[in-house]
Amino acid sequence: MKKLSDSPFRKNQELFLMLAPCLLLVFVFLYIPMGGLIVAFKDFRLSLGILDSPWNGVDTFKKLFSSSDFPLALRNTIIISGLRLTVGFVAPIFFAILLNEVRLKWFGRSVQTLTYLPYLFSWVVLGGIFQMLLAESGPINSLLISLGGQAIPFLTDDVWFVITLVVTAIWQTAGYTAVIYLAALAGIDPGLYEAADIDGAGRFRKIIHVTLPMLRPTIIVLFVLQIGYILNAGFDQIYNLYNPSVYDVADVVDTYVLRRLLTMDFSLATAAGLFKSVVGFMMVMFANKLARRWQGGGSGLW
């Protein structure tokens, strides 16, 4: 019979005690507030409170999807998130591979540090900087005009605004995400590259046949995690950059929720947030199942 002293808890009780405050914080600030999700199924009235407000079933969701502004916000969210997920997901991989191929290590470390720095700045700060740089009378457009070109409406044209969102998001996060891939690259057995050299493979073929296959598990895990944010278009970035002239493409689910909260329509705001969370959960489950099938049941998040 297994002794109690041999149980995992007894052997690691100090570690469990260290973990306890973290679990308590997660429970208090993440799980207890989930009880407020019932507001999405109630005709919430502030004077009655959550528990005493009358139930209305799924009427709030019917109102949500039959409105004119939420489908538009959902479409914009999918477009922006899709671009960030495709272009923005691939960019750090190529950047990490390029840094790994740099022979001058001091130069590679310097570039890595410089590209990591933008991640440390809030979009409140970056939004102000980009609004100044990309304004129609800003430095970038002034330079374009001095070179014989025309001013580009980066922040007032629908297409250019979406391009600006994607490019600036990549600029901010690529250096940070590349650190994860660089850590995975550091763990690749040098013998694999030596074997490729013996076979006569050049640098490009070594990237294709050695580097990328060895990065595949890391890529899959990060992709599964990232796809859960398919309805997260980057509220901080959009809120600090958008303006009324680009509402048609810049209004996303998060800004829709904010507007509903400002008008004290808590039921609609909660329903929109719940819909976003459920879709994200389903996408993570689907992506993980797809990744495991692609790897023959091997790699995945779980």
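A few points about this structure:
- For the chain, built as a Gaussian network whose Cα springs stay under 10 Å, the top-fluctuating residue of A96, A291, A151: A151
- Each Cα pair under 8 Å and six or more residues apart adds its sequence gap; the mean of these over the residue count of the chain is a relative contact order of 26 percent.
- Given 16 as the ceiling on other Cβ atoms within 10 Å, longest exposed-site-free region of the chain for trypsin sites (Lys or Arg not before Pro) in DSSP loops: 104-302
- The lysine pair tally for the chain, using Cα distances under 15 Å and a gap of 8 or more places or different chains, is 4.
- By the helix-only formula, in which each DSSP H run with n ≥ 4 contributes -39500 (n - 2.57) and the sum is divided by residues, the chain has a 222 nm mean residue ellipticity of -21000 deg cm²/dmol.
- Counting only whole DSSP H helices of the chain, the ones at least 20 Å long by C-alpha along their axis and with mean Kyte-Doolittle hydropathy no lower than 0.5 are 69-101, 158-186, 212-227, 266-294.
- Computing Kirkwood radius over Cα pairs in Å for the structure here picks out one of [x] 23.2; [y] 19.0; [z] 19.5, namely [x].
- Part-to-part distance (alpha-carbon centres) for segment 197-261 and segment 80-109, which is given in Å: 12 Å
- Residues in segment 158-194 that a label on T113 would reach, taking backbone N under 20 Å of a point 7 Å out along Cα→Cβ: 172-183
- Highest-MSF residue in the chain out of L155, L147, L64 [GNM, Cα springs under 10 Å]: L147
- Debye, to nearest 20: dipole size of segment 82-294, +1 on Lys, Arg Cβ, -1 on Asp, Glu Cβ: 660 debye
- For segment 49-141, applying the loop criterion from DSSP together with a ceiling of 16 other beta carbons within 10 Å to the chymotrypsin sites (Phe, Trp or Tyr not before Pro) yields F121.
Taken together, the values in this text are just the output of simple stated rules run on the coordinates, not laboratory data. Here the structure is a predicted model, which means the values were calculated and not measured. Backbone-built Cβ (ideal geometry, glycine too); neighbour counts: all protein chains shown.
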